[in-house]
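Here the structure comes first, spelled out in structure tokens, and everything after it is commentary.
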Amino acid sequence: METSGQVRPDKARSGEVHSHQVRIGTAGWSYKDWEGVFYPSGMSRRKQHPLEYLARFFDTTEINTSFYGPIKPELAKLWCRKVAAVNPRFLFTAKLYRAFTHSPIAVMEPTSAATIRATDEDEARTREGLDAIAAEGKLGALLIQFPVSFKNTALNREYLDQLLRQFIEYPRVVEVRHASWNDAATLAAFTQKNVGFCNIDQPLLGRSLAPTEHVTAPLAYVRLHGRNYDQWFDSDNRDRNGSVNDRYNYLYNAKELAGWKARIQNVAEKAQTTYVITNNHFESKAGVNALELKAMLSGKRVLAPPTLIEKYPELRNIADPAEDTGEADSVSLFS
């Protein structure tokens with residue numbers, strides 16, 4: 001039995017069953033506007049860490065704070081202990097520190113190999129946090145995320161190749177948002193390097209990357225950012241806790257999720273492990289869509305936080321309120 005929403009979209013062909021693991025979760029977990037929505041009111045008074053609650057419903061989450069600065073090893077170890085106590089099979093993915101992927105003044109200039117300014121100290125501190133998680137057996141992937149201004153040029157390809165070698169000991173996934181990277185040469189290079197290509201959903205503005213279903217390594221990755229066209233560039237990264245930033249204020253509807261269900265199934269058939277991360281975190285819409293995808297892929301009802309069902313009553317169609325027992329939800333899929 002798979003724990004906390006880990007689904008297996010198995011396909012039986014010619015009498016053989018091929019098992020492929022899909023892990024579904026949210027991008028981040030520490031948001032002020034999740035209080036009383038995803039999390040029960042008064043979480044701090046209950047002395048319960050948010051990860052202990054989140055791990056009841058999902059078996060992965062993407063660490064966002066690692067993008068803003070290297071993770072402190074002692075904090076990383078605490079996170080690992082918290083999830084392991086509730087859901088032993090829980091794994092983290094972590095975004096690489098932005099010093100390696102973004103210009104220091106990215107809002108003022110395009111990001112390219114010529115504008116990125118990572119230092120040796122940045123690398124040393126980054127490794128400390130990642131190694132702490134890896135030592136606990138809890139690091140599922142390192143997500144190397146570039147902005148849409150990072151285009152497929154010879155200089156940028158050279159820089160990316162160097163960066164991939166620099167962090168070669170970790171399971172690596174690259175997220176590029178400019179459509180110029182969606183070509184056969186890039187896919188071949190990622191395959192040769194055993195690097196995952198991140199399939200994303202984002203507002204299609206200019207040359208932004210459209211939805212894909214590429215698999216270039218045993219590890220596959222899907223990120224859903226929402227489609228908030230109106231405010232995508234209005235408030236980029238104003239609030240790292242998501243309490244002000246409306247950029248990710250988007251709730252996918254059933255039809256939109258059905259399109260991604262098909263892509264995820266296609267990806268999962270070719271990969272050993274597929275991570276599906278919802279990044280539309282505003283008022284825990286990421287939690288809603290992650291649970292909906294979990295139900296769609298498993299074909300079964302799922303458990304959900306009671307407060308989330310109250311906020312989004314449409315969840316009653318696919319979810320039941322979880323009792324306050326601290327036990328993880330279990331979902332398997334065999335088809």
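For region 154-209, the set of residues classified as buried (at least 21 other Cβ atoms within 10 Å of the Cβ), out of contact with any strand residue (DSSP E or B) (no Cβ under 9 Å at 6 or more places or on another chain) and not in a helix (DSSP H, G or I) is empty.
Quick one: is residue 126 crowded, with 19+ Cβ neighbours inside 10 Å, at negative phi and not hydrophobic (A, V, I, L, M, F, W, C)? Even if it seems obvious, please write down each step before you answer.
On the way: crowded, with 19+ Cβ neighbours inside 10 Å: yes; at negative phi: yes; not hydrophobic (A, V, I, L, M, F, W, C): yes.
So residue 126 passes the test.
Where in region 12-122 are there helices (runs of 4 or more DSSP H), lying fully within it, with 3 or more residues that are under 30 Å from residue 158 (Cα atoms)?
On the way: elements: 43-46, 50-54, 65-68, 73-86.
Per the criteria, 65-68.
The lone criterion from (1) within 19 Å of the chain's Cα centre (by Cα); (2) at pLDDT 95 or above; (3) crowded, with 16+ Cβ neighbours inside 10 Å left unmet by residue 148 is number (2).
Answer yes if at least one residue in region 71-89 is within 19 Å of residue 175 (Cα to Cα) and buried (at least 17 other Cβ atoms within 10 Å of the Cβ), and no otherwise. Scanning region 71-89, I find no residue that is within 19 Å of residue 175 (Cα to Cα) and buried (at least 17 other Cβ atoms within 10 Å of the Cβ), so the answer is no.
Taking strands (runs of 3 or more DSSP E) as the structural unit, no element lying wholly within region 267-323 holds at least 2 residues that are free of Cβ contacts under 8 Å to residues at least 40 places away in the same chain, touching a strand residue (DSSP E or B) at 6+ places or on another chain (Cβ under 6 Å) and crowded, with 21+ Cβ neighbours inside 10 Å.
The values are calculated or read from the model by the stated rules, or taken from the named source; none is laboratory data. Note that the coordinates shown come from a computational prediction; the quantities given were computed from them, not determined experimentally. Positions of Cβ are generated from backbone atoms using ideal geometry, with glycine treated the same way; all protein chains shown enter the neighbour counts.
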